[in-house]
Amino acid sequence: MTITQDNGVLTAHLTGEIDHHSAAFMRSAVDAAFVRTSPKELVLDFSGVTFMDSSGVGLALGRYKKTREQNCTLVLAGLSERDKRMMKLSGMQKMEMVEFR
């Protein structure tokens, strides 16, 4: 995973498998960068993810809570059709300030 910041947009380029163990590391790294940069938009880029279980949904939902507290938009990008469906089944497409790209 790499994290970049540009013009108020913090992007976490997620890679590999997202399961219980890797999600904990990703969560900590994204949260630390979020606190440091106070972005207007947080992009979770899933295009490099090869496998994701419900931990990926939990990762996104937890970041949603953080972004809402800071009036920041959460963008879920690069999701496979399967993973996008999983996110939508969780209700994320109905949440304010969440975008799918």
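The values are calculated or read from the model by the stated rules, or taken from the named source; none is laboratory data. Quick caveat: nothing in here was measured; it's all calculated off a predicted structure. Because the Cβ atoms are built from the backbone with ideal geometry, glycine has one as well, and the counts that use them run over all protein chains shown.
Structure data summary
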quantity: Meets criteria (under 11 Å from the mean Cα position of the chain (by Cα), modelled with pLDDT of 95 or more and over 12 Å from ALA12 (Cα atoms)) for LEU42; calculated: no
quantity: Residue list for the stretch 28-54, restricted to those being among the basic types (Lys, Arg) and out of contact with any Ser or Thr (no Cβ under 9 Å at 6 or more places or on another chain); calculated: ARG36
quantity: Yes/no for ALA77 being among the aliphatic types (A, V, I, L, M) and free of Cβ contacts under 8 Å to residues at least 12 places away in the same chain; calculated: no
